[in-house]
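J.: One structure, pasted below without further comment.
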Amino acid sequence: MDEGYKLGRPLTSGVSDASVHSMVNWVTLAMIVQAIVAVVWFGRNFPIADEWEFVPVYVGAESFWSWLWMQHNEHRLPLPRMIVWLAYQITHDYRSGSIIQIVLLGWCSLRMTQLIRERRGYARWVDVAVPVSLLHWGQAENLMMGYQVCFALTLALSISCLGLALQAPRLSPAQLRNRILLRMILLLLSGAFGILIAMGLSLWLMILTVKQPIWRERIRLLAVAALPLLYLSVYLIDYHKPGHHPPSAGILPSLAIAGQMQSMAFGISARFLHPVGMLLLGAMIGFAAVLAIRQRVWGWLGILAGGTLLAGAIGWGRSGFGDEMGYWARYGWLAWPTLGVFLLATIPYRWFANGVALLALGLFPFNTGSGYLWGTVVSEGVDAVRLAIDDGQSASEIAWTLMADSGQAERVERGLPLLLAAEQSRSIRVPIRWALLALAGVVGLWGIGLLHQIQCERAEEMFRLQRTRLSEQFRLAANANGIPRGLFWKRCEFVGDCQVFSESGNRSLIGLIEVIVEFEAIPDGGMEDVEAVPLPRQATACFVFVAGHWETTGQAWFNQTPSELIARWEGAEQIRSR
């Protein structure tokens, strides 16, 4: 069993598969919309938490280039900082980073459900666990702080690696190495958590090195595998431990914090399951590792290793703060890649997916409620600061009265005058609305495309299910046409699958399928003496999907395959089959 191993079963009901797949996509769309609602409802065009550190750079009071590499707590975040800085310069709105996060999380949901469906061979209702666990309101702590793009970016790159692991058998060694390298570089530039995930990719590369018979390629793989350590050596130059971080409490407390962090994949409400949920998730990760090894999908093992390193690092670094420092909603996206591996690796054991789905759905209302409470508190705090500004209070008064308990007082005292001088908090509010409208337009277009894709899949599955009846329907229609003259269509047998496509500017679907035809001469039709009449002939039959069912006029092209006809069909847009 290698990395190309794929599970599946013959579809007992293709229409059911298409319907379930469409339901999962509609749930994903609904979760994207409700995430946008959370940003609009709770979000303000105003810095939140650590974003106050970014204000001097945003308004041009500090150097952008030195800020890109500047240490932020234990992180250096050149790529996320570049993204949020560009977004702010375009929109002049602190919520622009939140919109980028929603786009990334929407892609993660769609890509992950696609990988699960392709791996399994069909869709199941349990696939809704992916969007429900990624985009609930319990993620408000991430969604409302634009700079959390760093977490969303790490998650998106991790899921991209999960897909790459499945593509690996179809790629040459050089193609696979280069694609891993690209993802590794982006992860390294995304912060300390990205470095740890990249180290997991190094494990994948080392496994590939052992299996690679060519020494020159082995050296190249090892060179790429060493990149995270080389980057870390540069990363640690002039690195200093954040002064407000206490020493670690030791191995056992760190392990407990790591387990808490991993449970955040299900949202902040998973803390109610303590300690059962933490222990259960640890067992799930171990089981997923065993299955990844058995199925020989080494990329999954690498992501599991990187995710475990990340959880351990958070546990070690946060254990000194208290016994429950792993229960922070912001860790949900960082913990999710290991859950993604579990969902893919346990596809043969459907009850595991059932359990994950039931847990995600069961915690959803509690996650939504906790997100509502958190968003309300934060938005009210921002509104209080704005009210104090309107009342004429100084930056120092605001910082050391309203923000004293936030840990951001010094940053607020320095950043607020710069913010007000640039009039960023009040003057430019329209661009984010245009950004939201643009996002709504993209989502709307995606919804239209989704409806068309659902129709296409439904049409394809209906053709498979009704293949015998449609063959007879085509034979009767062709006989009614009287073409070829003097011949009776005695038998029609479909060969292969129907190729479905649409014409540009026309949403109606056309299906072409290869058919083997046998004729017999009609008495007194002038063809009785032709010896070739009974010989089987190859042709392509044409169908049109109208009002939810397939129809045909008996039109056929002889000695041409469906692929040849589609290649010459003006305006043909072939539907990508599942």
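The values are calculated or read from the model by the stated rules, or taken from the named source; none is laboratory data. Everything numeric here is computed off the predicted structure, so don't read it as measured data. Here Cβ is always computed from backbone atoms with ideal geometry, including for glycine, and neighbour counts include all displayed protein chains. Keep in mind that these areas ignore ligands, DNA and RNA; they rest on the heavy atoms of the full protein, side chains included. Shrake-Rupley method; radii C 1.70, N 1.55, O 1.52, S 1.80 Å.
J.: Let me confirm something: among Ile219, Ile251, Ile237, Ile197, which residue is β-branched (Val, Ile, Thr), in the same structural domain as Trp336 (by the TED database) and surrounded by 15 or more Cβ atoms within 10 Å (Cβ to Cβ)?
T.: Going through Ile219, Ile251, Ile237, Ile197 in turn, just one is β-branched (Val, Ile, Thr), in the same structural domain as Trp336 (by the TED database) and surrounded by 15 or more Cβ atoms within 10 Å (Cβ to Cβ): Ile197.
J.: Suppose the filter is at pLDDT below 85 and in contact with a Cys (Cβ under 8 Å, 6 or more places away or on another chain); does Glu472 pass it?
T.: For Glu472, the condition - at pLDDT below 85 and in contact with a Cys (Cβ under 8 Å, 6 or more places away or on another chain) - is not met.
J.: On to the next question. I need the strands (runs of 3 or more DSSP E) fully contained in segment 462-573, keeping only those with at least 1 residues that are closer than 25 Å to Ala18 by Cβ and touching a Pro at 6+ places or on another chain (Cβ under 6 Å).
T.: 487-503, 506-521, 537-546
J.: Report the residue count in segment 48-82 for those that are under 16 Å from Gln101 (Cβ atoms) and not in a helix (DSSP H, G or I).
T.: The total comes to 2.
J.: Among the residues of segment 529-566, which ones are aliphatic (A, V, I, L, M), farther than 13 Å from Phe519 by Cα and surrounded by 13 or more Cβ atoms within 10 Å (Cβ to Cβ)?
T.: Ala541, Val544, Ala556, Leu565, Ile566
J.: Criterion first (of a type outside the set (A, V, I, L, M) and under 25 Å from the mean Cα position of the chain (by Cα)) does Ser269 satisfy it?
T.: yes
J.: Any residue in segment 309-322 that is closer than 16 Å to Pro242 by Cβ and assigned by the TED database to the domain that holds Ala335 sitting within a Cβ distance under 6 Å of a residue that is of a type in the set (Gly, Ala, Ser) and buried (at least 19 other Cβ atoms within 10 Å of the Cβ)? List the pairs, counting only those 6 or more apart or interchain.
T.: Between residues of segment 309-322 that are closer than 16 Å to Pro242 by Cβ and assigned by the TED database to the domain that holds Ala335 and residues that are of a type in the set (Gly, Ala, Ser) and buried (at least 19 other Cβ atoms within 10 Å of the Cβ), the close pairs are Trp316/Ser254; Ser319/Ala249; Ser319/Ser254; Gly320/Ala249.
J.: Separate question: Answer yes or no as to whether Gly243 is among the small types (Gly, Ala, Ser), surrounded by 13 or more Cβ atoms within 10 Å (Cβ to Cβ) and either assigned to a helix (DSSP H, G or I) or assigned by the TED database to the domain that holds Glu410 (or both).
T.: It is false that Gly243 is among the small types (Gly, Ala, Ser), surrounded by 13 or more Cβ atoms within 10 Å (Cβ to Cβ) and either assigned to a helix (DSSP H, G or I) or assigned by the TED database to the domain that holds Glu410 (or both).
J.: Of everything in segment 99-134, what is at pLDDT 90 or above and among the charged types (D, E, K, R)? Give them in sequence order.
T.: Correct list: Arg111, Asp127.
J.: Then there is this: Can you run down the residue pairs with Cβ atoms below 8 Å, 6 or more apart or on separate chains, where the first is in segment 360-381 and outside the structural domain of Asn45 (by the TED database) and the partner is open to solvent by 80 Å² or more (accessible area, probe 1.4 Å) and of a type in the set (Ser, Thr, Tyr)?
T.: none
J.: Among all residue pairs at least 6 apart or on different chains, which show Cβ distances below 6 Å where the first residue, located in segment 94-117, is more than 19 Å from His136 (Cβ to Cβ) and the second is surrounded by 22 or more Cβ atoms within 10 Å (Cβ to Cβ) and among the polar types (S, T, N, Q)?
T.: Taking only residues 6 or more apart or on different chains, not a single pair turns up.
J.: Now a separate question. Of everything in segment 53-91 that's touching a residue at least 40 places away in the same chain (Cβ under 8 Å) and among the acidic types (Asp, Glu), which residue is surrounded by the fewest Cβ atoms within 10 Å (Cβ to Cβ)?
T.: Result: Glu74.
J.: Here's something else I'd like to know. Being free of Cβ contacts under 8 Å to residues at least 60 places away in the same chain and among the polar types (S, T, N, Q) is the filter; apply it to segment 163-191 and report the residue that is farthest from Pro80 (Cα to Cα).
T.: So, considering only residues that are free of Cβ contacts under 8 Å to residues at least 60 places away in the same chain and among the polar types (S, T, N, Q), the one farthest from Pro80 (Cα to Cα) is Ser172.
J.: Taking helices (runs of 4 or more DSSP H) that do not extend beyond segment 171-229, which have at least 3 residues that are of a type in the set (D, E, K, R) and out of contact with any strand residue (DSSP E or B) (no Cβ under 9 Å at 6 or more places or on another chain)?
T.: Helices (runs of 4 or more DSSP H) meeting the threshold: 173-188, 215-225.
J.: A further question on this structure: Suppose we filter Gly14, Gly4, Gly8 for residues that are modelled with pLDDT under 90 and under 15 Å from Glu460 (Cα atoms); which single one remains?
T.: Gly14
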